[in-house]
Amino acid sequence: MQANQAEPTANADASPASTSRKAGQRMMLLVLLVCAAPIIASYFTYYVLKPDRRNNYGFLVDQRAHPVPAMTTTTLDGRPQTLQQLQGKWVLLMVAPGACPKTCQQSLYNMRQLRLMQGKEMNRIERVWLITDDAPLDTLVIREYDGTHMLRADAATVKQWLPVEAGTTAADHLYMIDPLGHLMMRFPPNPEPRKVYKDIYKLLKASAVG
């Protein structure tokens with residue numbers, strides 16, 4: 001009888017800690033799912049629930065083939081700022097050299113107008129210009145497009161990352177990054193603003209919370 005009473009339970013000491021750890025992991029997973037739910041819902045609604053009515057203008061990018069690189073980007077005054085810092089927002093992205101020719105200025109204009117066209121939802125969108133050289137920017141361009149994140153980035157890294165249509169370069173396109181930080185859409189060269197607006201509107205609507 002005494003021997004039976006003295007038998008130890010093999011995991012008696014480890015059990016509380018193990019249980020607590022598992023509970024913590026489940027809670028962390030739940031939090032991540034809750035945070036990601038609106039974005040997942042937007043993809044599901046936009047691309048799965050309405051496949052017959054899907055007429056998106058932009059090209060859906062395979063995120064696995066084009067993950068956002070951990071590249072060093074800096075503001076015009078040399079401060080580090082990364083694309084990852086913009087997570088939580090939809091990001092309209094363009095690429096151009098610092099000289100910013102006419103096509104570059106048109107892209108800056110398009111991004112500004114596309115954001116404004118979203119009305120009360122526009123604060124969910126950030127604009128980014130990746131500058132692929134060290135050329136100085138025209139002060140008038142900086143002032144005209146105040147609010148755009150103008151970040152200097154390595155040209156080779158950007159070229160390797162961003163997918164393009166045959167016969168084009170990244171500077172010919174606008175891109176969309178989702179709030180989880182994934183490159184998700186590429187718009188055609190010389191895009192039709194109204195069609196781009198509709199794509200963005202549908203994504204914002206499908207991912208709206210509340």
>> Can you say whether Q160 is part of a helix (DSSP H, G or I), touching a residue at least 24 places away in the same chain (Cβ under 8 Å) and over 18 Å from the mean Cα position of the chain (by Cα), as far as the supplied structure shows?
In response: no
>> I need the full set of residues from segment 83-105 which are closer than 16 Å to Y175 by Cβ and either loosely packed, with under 15 Cβ neighbours inside 10 Å or under 18 Å from the mean Cα position of the chain (by Cα) (or both), in order please.
In response: L83, Q84, L86, Q87, K89, W90, V91, L92, L93, M94, V95, T103
> Can we say V141 is within 24 Å of H66 (Cα to Cα) and either assigned to a loop (DSSP other than H, G, I, E, B) or at pLDDT 95 or above (or both)?
Replying inline: no
>> Restricting to segment 142-196, and then to whatever is over 13 Å from W129 (Cβ atoms) and among the basic types (K, R), can you tell me which residue is surrounded by the most Cβ atoms within 10 Å (Cβ to Cβ)?
In response: R186
>> Scan segment 116-138 and tell me whether some residue there is touching a Ser or Thr at 6+ places or on another chain (Cβ under 7 Å) and part of a helix (DSSP H, G or I).
In response: no
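The values are calculated or read from the model by the stated rules, or taken from the named source; none is laboratory data. The structure displayed is predicted, hence computed values, not measured ones. All Cβ positions, glycine included, derive from the backbone under ideal geometry; neighbour counts span all protein chains shown.
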